[in-house]
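**Q** Let me give you the structure first, and then I'll get to my questions.
The numbers here are math on the coordinates, done by the rules we state, and not lab data. Here the structure is a predicted model, which is why all the values come from computation and not from measurement. Ideal geometry is used to build each Cβ from the backbone, glycine not excepted, and the neighbour counts take in all protein chains shown.
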Amino acid sequence: MSETAGWAVVLHGGCKPIKASEAAANRDGCRQALAQAVAVLRGGGCATEAVEAAVRALEADPTFNAGRGSVPNAEGEIEVDAALMDGETLALGGVCAAPGLLHPISVARAMLPEDATLLAGEGALRFAAERGLAEQVTPGEGPQGQGCDTVGCVALDSSGRISAGTSTGGLGGAAPGRVGDSPLPGCGVYADSRVGGVSASGVGESISRTLLGARVVMALEEGATPHAAVERALARLQRVGGDAGLICLDAAGRLGWAHSGDQFAVAWASSTEPDLHVELLNLELAADD
Ligand code: GLY
């Protein structure tokens, strides 16, 4: 573990178009999720617990494309992806194309002790049911449209543990079984307590093809600041197109975020700056229809 007695947390509510009329709901949802994570970290809880608490709050809020706000696929069904990584042990749990789960992040956490790192479809649902975690969402509660945005959180606890989690309701109208970047380590999520952690949002195929999560962590390992690490990774997207947003923190608790395209909802706090900070990046560019 690193020699830190401080804590830090950063979360996102997705890289997506946010109309001015949607700003308050996005701000409030991010603030409430951040408050959950901060309560865990201030109480001496671990980073994994903090990340799960924040992502569960975002999954419960239909403002965001995850959990309750998931968008239907081409057959009108909800399929969700999520992953959670414990950067201390490098344990990883994830579910993908999992039918209708309200809180896939909790299923991902329940998988951390398992050998398998990723369960798909009906297998994920069966595992969730065995753990009492198969609560379902109702199609149509979430935002209408294409989706592709995601929620995520990265936390450093006062013992120096870093965890990262990402959860998504996927891409609206996508082929059944389509899986984006969110549950894939090194794409939409990664954590290593010795280095840092990252969570992504945006076009999953582009993020996966350019390994954005891995690029952020490798840049941190090479000594880049969190801000430089996310900017450097994002620059790779130009090769394949598509937009993305990235949040990260390093082992010293320094934070970074960057995005391309529309708006990006980000919130953060730390033991040195414990106020709840929420930013809707590029909001001034948003216009109501
Ligand atoms: N970034 C979420 C997805 O593409 O599924």
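**Q** Grab the other residues whose beta carbon is less than 13 angstrom from that of VAL38, score K and R as +1, D and E as -1, and report the net.
**A** -2
**Q** Kindly provide log₁₀ I(q)/I(0) values, in the same order as q = 0.13, 0.14 Å⁻¹, from the Debye equation applied to equal alpha-carbon scatterers of the chain.
**A** Treating every Cα as an identical point scatterer, log10 I(q)/I(0) equals -0.74, -0.86.
**Q** Taking 0.36 nm per residue of separation and subtracting the Cα-Cα distance, what length does fully extending ASN282 through GLU114 add?
**A** Result: 56.4 nm gained on full extension.
**Q** Compute the FRET efficiency between THR89 and GLN238 as 1/(1 + (r/R0)^6), taking r as their Cβ-Cβ distance and R0 = 51 Å, and round to the nearest 0.05.
**A** About 0.90, to the nearest 0.05.
**Q** At 25 °C and 0.890 mPa s, what whole-number value in µm²/s does Stokes-Einstein give for the translational diffusion of the stretch 1-132, with Rh from the Kirkwood sum over Cα pairs?
**A** It comes out at roughly 157 µm²/s.
**Q** Please give me the summed charge of the neighbours of GLY204: other residues whose Cβ is under 14 Å from its Cβ, Lys and Arg +1, Asp and Glu -1.
**A** Taking every other residue near GLY204 into account, the sum is -3.
**Q** Another one. Would you mind checking which residues have amide H under 5 Å from ALA174's amide H? H placed 1.01 Å from N; only 5 or more apart, or other chain.
**A** The list, which skips near neighbours in sequence, is ALA74.
**Q** I would also like to ask the following. Can you put CYS30, CYS153 in order, fewest other beta carbons within 10 Å first?
**A** Listing CYS30, CYS153 from fewest to most nearby Cβ atoms yields CYS30, CYS153.
**Q** Could I ask something else about it? Identify which of GLY173, GLY245, GLY213 has the largest mean-square fluctuation in a Gaussian network model of the chain, with springs joining Cα atoms closer than 10 Å.
**A** Judging by the Gaussian network model, the answer is GLY173.
**Q** I would also like to ask the following. Based on DSSP H runs of at least 4 residues, each adding -39500 (n - 2.57), what is the mean residue ellipticity at 222 nm of the chain after dividing by all its residues, to the nearest 500 deg cm²/dmol?
**A** -8000 deg cm²/dmol
**Q** Further question: Can you tell me which of GLY94, GLY123, GLY172 moves the most in a GNM of the chain? Springs connect C-alpha atoms under 10 Å apart.
**A** GLY123
**Q** Still on this structure, I have one more. Would you kindly compute the Cα radius of gyration of the stretch 180-233 and its largest Cα-Cα separation (Dmax), both in Å?
**A** 10.1, 29
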